[in-house]
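Every number in this text was worked out from the coordinates using simple rules, so none of it is lab data. Everything numeric in this text was worked out from a predicted model, so none of it was measured.
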Amino acid sequence: MRSIWRTIDSVLVRDVLAIAAAVAVIGASFGAIAVSSGLPWWVPPAMSVLVFAGGAQFLAVGVVAAGGGVVAAVLGALVLNSRLMPYGLAIAGTMGTGRMARLVGSHLVTDETVAFAIAQPDRERSRAAFWLCGVLLYLAWNVGTIAGVLAGQAIGDPSAFGLDAAFPAALLALVLPSLRGADVVRPALFGAAIALAASPFLPPGVPLLLALAGLILVPRKEGVPA
C-alpha cells in the first residue's frame, strides 16, 4: 500500500482537492436543506456516513420533505444509485484484492472516484487516485453535511432563502450531463411527461417512480448514438 501512495503527485492532489471543496459545499447545502425541512438533526449526518451518495440523498430527503412515503424515497434513491453498479464492476480490481479493501472501496465508489481512477495511465496510479479521491471526498461530504446541519438549524424556513429550490436544481445538475443524444433524451422526456401528468393526482415520490416507464415504453433505436 505504501508504494501505491508514492505514485501520487501534486497535480493529482490539487485536482482532487478542488473536487473535494465543491463536494463540501454541496454537502453543506444538503445538510442545511434537510434539517430546515423538518428532519431531525442526526438524519443528514447519518445518511452521509452510511449512504455517501449525494444524488440519492437529495432525492430521498426531497421526497420525504415533500410529504412522500419512505418506500417511494428509498426506491427512488436505489434506482438513481443503481448507475454505480457497473462502475464497481469496472474498477473492482483497482480497489485492491483483500476483502476489506473491496468492502470499504465499494462504499467510496462515486462518479468522481471512478473518473479519477480510469483517467490514470497504469493500475498502481489508478488505485492511488481512487483511494485518495474517495477518502478526501468522503471526509469533505460529511464535514460539509455537519456544517450545513448547523447552518440549517439557524436558518429555520429554507424557502425564505430560496434553498427549497436546491433539491430540484441539484437533481437537474446530476441528470443534464447524461442527456446526450436522442436515444437518451426521448425516454427522459417521456418519463418527465408521465411524472408531470401524475403529480396532481398521486402522493409525492410516486410520479418519480412512474417516470421510469420511459425506459420501458420508449425503445432504443439501433444506430442512434447515446
Using alpha carbon centroids, what distance separates the range 9-74 and the range 86-133, in Å? 22 Å
Taking a ≥ b ≥ c as the square roots of the eigenvalues of the Cα gyration tensor, with a/c under 1.5 meaning rounded and otherwise prolate when a/b exceeds b/c and oblate if not, the range 60-107 is prolate
Cα gyration tensor, the range 45-164 - rounded (a/c under 1.5), prolate or oblate: prolate
Expressed as a whole-number percentage, the relative contact order of the range 1-134 with C-alpha contacts under 8 angstrom and at least six residues apart is 26 percent
Using the Cα atoms of the range 17-71 to build a convex hull, what is its mean projected area in square nanometres? 3.7 nm²
